[in-house]
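Please read the structure below before turning to the comments.
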Amino acid sequence: MKHVIALMAGFLAGVGAFAALMYNNPFSVSQSVSPLAVTDQRVINLQYSAVPGEAIMFTNNGEAISKPNPESVAELWEATIRDTRVLVAALSDSRGNPAGVGVKFSSHSEDTRILNSEAMVDSAWHIYMPELGTLFIDQRENYWSYLRDIVVKARLNSANNWRGNWLGIMTTGPNALGTGRVIGGNGLLAGVESEVVESLSATAYSAETGPVAIDGSLTIALPRLESSQLSQRDRASTPVRQ
Amino acid sequence: MFKTFTLGLMLGLLASGGLLYVLPVVDLERERSIITVRPNGGNQERLHANLPDDRIMAAVDGGERTWPQDLDWPDYLPAGDGQTEVFKLRNDENRVVGVASRIRSGGEDAFIEWAIHMPARGTIYALLSAVADNTGARVGNLHAGTREFEGQSGRVAERFVAATEDDGEGRLEVVTSLVSALEDDDFLAGVTE
């Protein structure tokens, strides 16, 4: 009997040790430098609030800690979409001026591999900017570092929250360099094919209500458009890489 | 006792690693794809949204009319006659298979766009004409696809079918007729010779 208890205690200790090893995986590296930092293309930056309560609309299966906004919006409770979240966000340029609206679909990915520190999400953006046109973004994101550095720490904290300064590059594909795919739709962006990187900047998170202060950013490389086709505001706000 | 504990420790480590390796962490539910093969027409799939039940969000007339009614559409967003909607989409068996956004813009360069996201299959991005044809359908093309739809091309059409009874507005149908890209150029050359 003592041996059985010792065996079970050892087994549980082994499971705990494995969980600690996964959490502190020395081979897991958080990406903090955007692959587009060295691009020679024009780069535009679209920013949005990733806090569900500050979005135009956010919905999920209704059982997660982040609640749908507004409260009366339909929830994604059906089996095929219960692992999906829809975010409709107001997008602004790097100067904080309104640029357009974006709809983001994100679903848990079956490519998630905890052993490889991969908490994968398949996501797509459908973006409308009245002055530029429309965009479709296809990307794969890895939320491992976000979960490890923010969510788990918030749950382990006695006050059930996390505060700090965290910046993470979420995009890991589908392009080979770890960037997402951008496809232009209508307007000035028709025919555009380019790359994108999405990042999150967090300062506060609650284990009871979810993100409290988290901003998202889409860094999109675009081919050089004719100067007459861009608004004065856009030309002034986009850094030109020579 | 210590040896037994150590044995248990090793078993715990191996079992945890083995289970995580073998068992899928994420296993998405997928409905069967109801696809009809049309002669020289690709694989056709019909999706629809029952209105108003499947409408998740709508902002019409620049946000002056919204659904749900307590949706706070920012008045600082760039003005325009755009229309942004988000729906749940169902297959021919009336089962929800995905979600979709529909963006419509008016004016001289009016357009309609769909982004249809089916979590277990991928996402379709389609550009449609805002002008309906003689059947009442707005037709366009698959502009981009992800995962299962990557590399495919074909036609996408939307049509609004009004309700015949007093049980709602009707349904918004989206029909895709897609073909995969031919990958083997040598095969194609052999066929044409």
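The values are calculated or read from the model by the stated rules, or taken from the named source; none is laboratory data. Everything numeric here is computed off the predicted structure, so don't read it as measured data. Every residue, glycine as well, gets a Cβ built from its backbone with ideal geometry; the counts of neighbours run over all protein chains shown. Surface accessibility is based on the protein's heavy atoms, side chains included, excluding ligands, DNA and RNA. Shrake-Rupley method; radii C 1.70, N 1.55, O 1.52, S 1.80 Å.
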_Distance between modelled label sites at residue A:17 and residue B:33, nm, 7 Å Cα→Cβ extension_ = 4.6
*If you take the beta carbon distance between residue B:132 and residue A:65 as r and set R0 to 56 Å, what does 1/(1 + (r/R0)^6) give as a FRET efficiency, to the nearest 0.05?*
0.80
*Looking at the range B:1-62, which GluC sites (Glu not before Pro) are in a loop (DSSP not H, G, I, E or B) and have at most 15 other Cβ atoms within 10 Å?*
B:29
*Binning at 10 Å from 0, report for the protein assembly as shown what percent of all alpha-carbon pair distances ends up in each bin.*
4, 19, 29, 24, 14, 6, 3, 1, 0
*Can you give the accessible area of residue A:215 in Å² (nearest 10), computed on protein heavy atoms with a 1.4 Å probe?*
90
*Could you give the size of the charge dipole of the protein assembly as shown about its Cα centre, using +1 on the Cβ of each K and R and -1 on the Cβ of each D and E, expressed in debye and rounded to the nearest 20?*
1640
*Could you tell me the convex hull volume per residue, in Å³, taken over the Cα atoms of the range A:58-110?*
107
*Along the positive direction of the dipole of the protein assembly as shown (beta-carbon charges: Lys, Arg +1; Asp, Glu -1; about the Cα centre), which of B:56, A:5, B:157 reaches farthest?*
A:5
_Förster radius 41 Å - calculated FRET efficiency between residue A:157 and residue B:14, Cβ distance, rounded to 0.05_ = 0.80
*asked:* Could you tell me which residue out of A:172, A:143, A:156 lies farthest along the dipole of the protein assembly as shown toward its positive end? Charges go on the beta carbon: Lys and Arg +1, Asp and Glu -1, centred on the Cα centre.
replied: A:156
*Under 5 Å between amide H atoms, partner at least 5 residues away or on a different chain: which partners does residue A:188 have, H built in plane at 1.01 Å?*
A:133
*Summed buried accessible area for A+B [probe radius 1.4 Å, Å², rounded to 100]*: 5000
*Charges only on Cβ, +1 for Lys and Arg, -1 for Asp and Glu: so what's the dipole of the range B:133-175 about the Cα centre, in debye to the nearest 20?*
320
*asked:* Please compute the Kirkwood hydrodynamic radius over chain B, one decimal place, Å, based on all pairs of different Cα atoms.
replied: 20.0
*What is the projected area of the convex hull of the Cα atoms of the range A:173-212, averaged over all directions, in nm²?*
4.9
_Kirkwood hydrodynamic radius, the range B:116-170, all distinct C-alpha pairs: what's the number in Å?_
12.8
*Give me the percent of the accessible area of the protein assembly as shown that comes from carbon and sulfur atoms, probe 1.4 Å, all protein chains in place.*
52
*Would you kindly derive the ³J(HN,Hα) couplings of the range A:193-201 from the backbone phi angles with the Karplus curve 6.51 cos²θ - 1.76 cosθ + 1.60 (θ = phi - 60°), listing them in order in whole Hz, with x for Gly and Pro?*
10, 8, 10, 8, 9, 10, 10, 10, 10
*asked:* Could you derive backbone 3J(HN,Hα) for the range B:12-23 from the dihedral phi with the Karplus parameters 6.51, -1.76 and 1.60 (θ = phi - 60°), listing whole Hz in sequence and x where the residue is Gly or Pro?
replied: x, 5, 5, 5, 4, x, x, 5, 5, 6, 8, 7
*How long are the semi-axes of the ellipsoid equivalent to the range A:1-117, from square roots of 5 times the Cα gyration tensor eigenvalues, in whole Å, largest first?*
40, 24, 12
_For the range A:169-178, Karplus couplings with θ = phi - 60° (6.51, -1.76, 1.60), whole Hz, Gly/Pro x_ = 8, 8, 6, 10, x, x, 5, 4, 8, x
*asked:* Using a probe radius of 1.4 Å on heavy atoms only, what accessible surface per residue do you get for chain A? Whole Å² is fine.
replied: 44
*Using helices alone, what [θ] at 222 nm do you get for the protein assembly as shown, with -39,500 (n - 2.57) per DSSP H run of 4 or more residues, divided over all residues and rounded to the nearest 500?*
-4500 deg cm²/dmol
*asked:* Need the per-residue list for the range B:108-123: every residue with at least 40 Å² less accessible surface in the complex of protein chains than in the chain by itself, probe 1.4 Å, sorted by number.
replied: B:111, B:113, B:117, B:119
*Rounded to whole Å, sorted largest first: equivalent-ellipsoid semi-axes of the range A:161-228, Cα gyration tensor*: 32, 14, 10
_Within the range A:3-104, GluC sites (Glu not before Pro) in DSSP loop having at most 10 other beta-carbon neighbours inside 10 Å_ = A:63, A:71
*Once amide H atoms are built 1.01 Å from N in the peptide plane, which residues 5 or more positions from residue B:98, or in another chain, come under 5 Å H to H?*
B:89
*Report, by chain and number, residues whose modeled amide H sits under 5 Å from the one on residue A:195, excluding near sequence neighbours (fewer than 5 apart, same chain).*
A:182, A:221
*Given +1 on the Cβ of Lys and Arg, -1 on the Cβ of Asp and Glu, and no further charges, what dipole in debye does the range B:67-172 carry about its Cα centre, rounded to the nearest 20?*
540
*Per residue of B:135-147, how many C-beta atoms from partner chains lie within 10 Å of its own C-beta, taken as a mean?*
3
*Range in chain B, longest, excluding exposed trypsin sites (Lys or Arg not before Pro) [loop by DSSP; at most 16 other beta-carbon atoms within 10 Å]*: B:96-193
*asked:* Just to verify a number: FRET efficiency for residue A:27 and residue A:203, C-beta to C-beta distance, R0 = 25 Å, to 0.05?
replied: 0.35
